[in-house]
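Contents: one structure, followed by commentary.
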Amino acid sequence: MNKPPEERASDVTTVSSAEHTRRDFLYIATGAVGAVGAAAALVPLIAQMNPDASTIAAGAPIDVDLAPIADGQIIKVFWRSKPIFISHRTKKDIEEAQTVNVAALPDPEPDSARVKPGHDQWLVVIGICTHLGCIPLPHQGEYDGWFCPCHGSQYDTSGRIRRGPAPKNLALPPYKFVSDTKIQIG
Amino acid sequence: MSGHSTYQPQSKVLQWLEKRLPIGGLVHSSFVVYPVPRNLNYLWTFGGILAFMLGVQIVTGIVLAMHYTPHVDLAFRSVEGIMRDVNYGWLLRYLHANGASMFFLAVYVHMFRGIYYGSYKEPREVLWILGVIIYLLMMATGFMGYVLVWGQMSFWAATVITNLFSAIPGVGDTIVTWLWGGYAVGNPTLNRFYSLHYLLPFVIAGVVVLHIWALHVVGQNNPTGIEPKSEKDTVAFTPYATAKDGFFLAAFVILYAWFVFYIPNFLGHADNYIPANPAVTPTHIVPEWYYLPFYAILRAIPDKLIGVIALGASIVILAFLPWLDTSRVRSARYRPLFRQFFWLFVIVCVGLGWLGSKPPEGIYVILARVFTIYYFAFFLVILPLLGIFEKTKPLPNSISESVLGAKA
Ligand code: HEM
Ligand code: FES
C-alpha cells in the first residue's frame, strides 16, 4: 500500500510493513465487529413486529357449548381474532361430504379427516378463505357449504375447496371434545 | 447540472450566503437558466404537478395527524370527528383523500407520456427506474393511508393485500403474521401502518430529489425524442417552463377543487363509511380506483400463487422497459406501428381498471384474461419485436427544424 507523503514523514519509529498489517487488522476487526453489531441490531428491529406477549396470551383456548346450535345451523366464534365456523351438519350435508370422489378434489381430503371420529355432525373450521383471507358466507354457493364474496371461491359441506382461486380447504383449528356437547378450541 | 451558472446575487446578504452555501446558485442553475427543449407540450407539466401534489399530501397529512387516533376503537370515530367537529376538518380530509386520487391521475399521465415518447431510453434508464420506485412507494403509501380510516373497505383491503404474501411457499403464513403483529389484521397492524404512512411520503420526497438530479444530468426528453443540438433548440426554464407549468398546474388544481367541493366521495366507496367489522366481509370488495388494473390481473388468474406473481410482475416489468423496447427511435411520432400498439395498451389498462371494479364472473373474467395477456405481450413480445421489424419515419434534423420547418 502506498502511503501519502505526510504520513511517511512522521513514520519514524515504526517499520512500514508492520504498520501495514496492523492497519489491515484494525480494518478487519472493525468491520467484523460492525457486521456482528448490525446483524444483532436487526434482531429486535424485526422481532418487535411479531405478535406481542399480550396478543399471544389472548390466544388462549376457548370453550364452546354446542347444545344450543340447531341442526343445520352454522355459528361463528372468534379464537385468536380468527372467525371459527361451527357447523351442525344435517344428514344430507354429511352424506354429500362423504360421497364425493375425493381424488377429484383440488385439495383431496376425505370428510373423515376433517371431523372428529364419532362426531360426524360437527364440522369446525377456520372461517378464513384460503385465497386472500375474506370470510366466506355460509349456506351459499353450488356445494351447500360456503361462498366467498371476494373472488368467488366455493366450499362444500366439509369446508373443502371445490371451485375458485382458493388453493386449499378451509383450515381446521386445533380443538377437542371435552364432552359430547362441548368443545375446546386451541 | 448543465447550463453554467451566471448567478450574481444583488443583495449583500445573499452574496454572503452564497460564499458559504451556494444554494442560490443551485436553484438558479436548476430552475432559472436551466435549458429545456423549446418544443415541450403540456404533457411535460405533470412533473411539476406531481411535486405540487406531494406537497399537498404532506401538508394536509400532517394536520390530519393532529386529529387522528390510530387505535381500532377510536380511528373511525376520530376520522368522523375530523369531518364533523374539527374546524375545516371536512375540507382537509377531502383534500387529502381526493389529493391521493389526483396524485395518481397525474402519475399515470406522466408515465404514459414517458412510454409514448420513449423517455426511458438511453441515457434516461436510471431516471425512469427512480420513477418506478416512486410509483411503488406511492402505492404502498396510498394503501396504508386508506387503511387508517378503519372502515369496512379499509379493513378488508388490509386483509386481502397482506394475504397476498401468504402465497409465498413455505414462509408465507409466518410473514403475514409478522406483518400483522397478530393472528389477523388488528390494532398492531393499524399502528404500524400509521407509522409507515407518515414516513413513506418523506422517503418519496428523497427519491424525488434523486429523480430530479438524474433528470438534470441527462436533460429532458421532448416530443421529437431527439436530443437538443444547439442553443436554438432550447429555451430557459424561467420564464418559459415556469409559466407553462404554472398555467397548467392552475388548470389541474381547478379539476382537483371540483372533486373536493362538488363530488368529494365520488372516487371513494360508500362501504368505507361503515366501521370495520372483522366478522363480516362486504359482499363486493374493491380497492381504490388507482389499483384496479392490477386487481383485475390478480383475479384474472385462477391460481393463487400465479395470480400474485402476475400482479407483482405487472408492476416490476415497468423497470425493465428500457431494455424491452429495442427500437432506437424514441418518440412514437416517428413509430407508426408502435403508436397503434401504444393506444391499444392504454385502452387495455383502462379496460383492466374497469374490469377490476366488476364482480369476477362470466364475461368479465374472460375479458380480464384477454387484457392481461395483451398487457404482458406488449412488454414481452410487441416491444422487443417492433424494434426489429418496424419501419420508422425519418427523424427531423433538429428540434428547431421540427418546430420551425426546414428553413430554421
Ligand atoms: C404520498 C403522499 C400521501 C398519500 C398518497 C396519502 C394517501 C392517503 C389516503 C388515500 C388516505 C385515506 C383517505 C380517506 O379515504 O379518508 C390517507 C389518510 C390519512 N393520511 Fe395520508 N397520504 C399521503 C401523505 C400523508 C402524510 C405525509 C401524512 C402525515 C404526516 C398523512 C396522514 C394521514 C392521516 C392521519 C390519514 C387518516 C385520516 C383521513 O382518512 O383523512 N398522509 N392518506
Ligand atoms: S379471498 Fe376468498 S376468493 Fe379471494
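Structure summary
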| quantity | calculated |
| --- | --- |
| Residue in region B:275-296 that is away from chain A (no Cβ under 14 Å) and among the acidic types (Asp, Glu) present | yes |
| Matching residues in region B:283-304 - criterion: being of a type in the set (Ser, Thr, Tyr) and at pLDDT 90 or above | B:TYR290, B:TYR291, B:TYR295 |
| Tally, over region A:120-170, of residues that are on the phi > 0 side of the Ramachandran plot, more than 9 Å from chain B (Cβ to nearest Cβ) and in a loop (DSSP other than H, G, I, E, B) | 3 |
| Yes/no for B:THR372 being among the hydroxyl-bearing types (Ser, Thr, Tyr), open to solvent by less than 40 Å² (accessible area, probe 1.4 Å) and closer than 26 Å to B:LYS121 by Cα | yes |
| Residue check, A:THR181 more than 16 Å from ligand 2 (Cβ to nearest atom), open to solvent by 60 Å² or more (accessible area, probe 1.4 Å), among the polar types (S, T, N, Q) and over 17 Å from the mean Cα position of the chain (by Cα) | yes |
| B:TRP156 vs. criteria within 16 Å of ligand 1 (Cβ to nearest atom), out of contact with any helix residue (DSSP H, G or I) (no Cβ under 7 Å at 6 or more places or on another chain) and closer than 20 Å to B:VAL308 by Cβ | yes |
| Matching helices (runs of 4 or more DSSP H) fully within region A:16-112 where at least 1 residues are among the charged types (D, E, K, R) | A:16-47, A:91-99 |
| Filtered residues of region B:339-386 (kept if among the aromatic types (Phe, Trp, Tyr) and either within 14 Å of chain A (Cβ to nearest Cβ) or in contact with a Lys or Arg (Cβ under 6 Å, 6 or more places away or on another chain) (or both)) | B:TYR364 |
| Test result for B:THR224, under 25 Å from the mean Cα position of the chain (by Cα) and open to solvent by less than 20 Å² (accessible area, probe 1.4 Å) | yes |
| Filter result for the condition that a residue is at pLDDT below 95 and within 14 Å of another protein chain (Cβ to nearest Cβ), over B:PRO169, B:PRO188 | B:PRO169 |
| The one condition in (1) in contact (Cβ under 8 Å) with a residue 60 or more places away in the chain; (2) more than 16 Å from ligand 2 (Cβ to nearest atom); (3) not hydroxyl-bearing (Ser, Thr, Tyr) that A:PRO138 fails to fulfil | (2) |
| Any hit, region A:150-168, residues being surrounded by fewer than 16 Cβ atoms within 10 Å (Cβ to Cβ) and within 24 Å of B:THR177 (Cα to Cα) | yes |
| Segments classed as helices (runs of 4 or more DSSP H), wholly inside region B:1-113, with at least 2 members that are modelled with pLDDT under 95 | B:12-20, B:23-31 |
| Single unsatisfied condition, B:THR392 versus (1) in contact with a Phe, Trp or Tyr (Cβ under 8 Å, 6 or more places away or on another chain); (2) more than 22 Å from B:GLY114 (Cβ to Cβ) | (2) |
| Region A:25-49 residues that are within 14 Å of chain B (Cβ to nearest Cβ), paired with ones that are surrounded by 10 or more Cβ atoms within 10 Å (Cβ to Cβ) and of a type in the set (A, V, I, L, M) (beta carbon under 8 Å, 6 or more apart) | A:MET49/B:LEU179 |
| Selection from region A:100-135 of residues that are more than 16 Å from ligand 2 (Cβ to nearest atom), open to solvent by 40 Å² or more (accessible area, probe 1.4 Å) and out of contact with any helix residue (DSSP H, G or I) (no Cβ under 9 Å at 6 or more places or on another chain) | A:ASN101, A:ALA103, A:ALA104, A:ALA113, A:LYS116, A:PRO117, A:GLY118 |
| Region B:174-200 residues that are within 11 Å of B:TRP150 (Cα to Cα), paired with ones that are of a type in the set (Asp, Glu) and in a helix (DSSP H, G or I) (beta carbon under 9 Å, 6 or more apart) | none |
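Condition check ((1) surrounded by fewer than 21 Cβ atoms within 10 Å (Cβ to Cβ); (2) of a type in the set (Ser, Thr, Tyr); (3) within 12 Å of ligand 1 (Cβ to nearest atom)) across all residues:
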position	(1), (2), (3)
B:ARG124	no, no, no
B:MET139	yes, no, yes
B:MET144	no, no, yes
B:ASN163	no, no, no
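The values are calculated or read from the model by the stated rules, or taken from the named source; none is laboratory data. Computed from a prediction, not measured in an experiment: that's the story for all the values here. Ideal geometry is used to build each Cβ from the backbone, glycine not excepted, and the neighbour counts take in all protein chains shown. All accessible areas refer to the heavy atoms of the entire protein, side chains included, with ligands and DNA or RNA removed. Shrake-Rupley method; radii C 1.70, N 1.55, O 1.52, S 1.80 Å.
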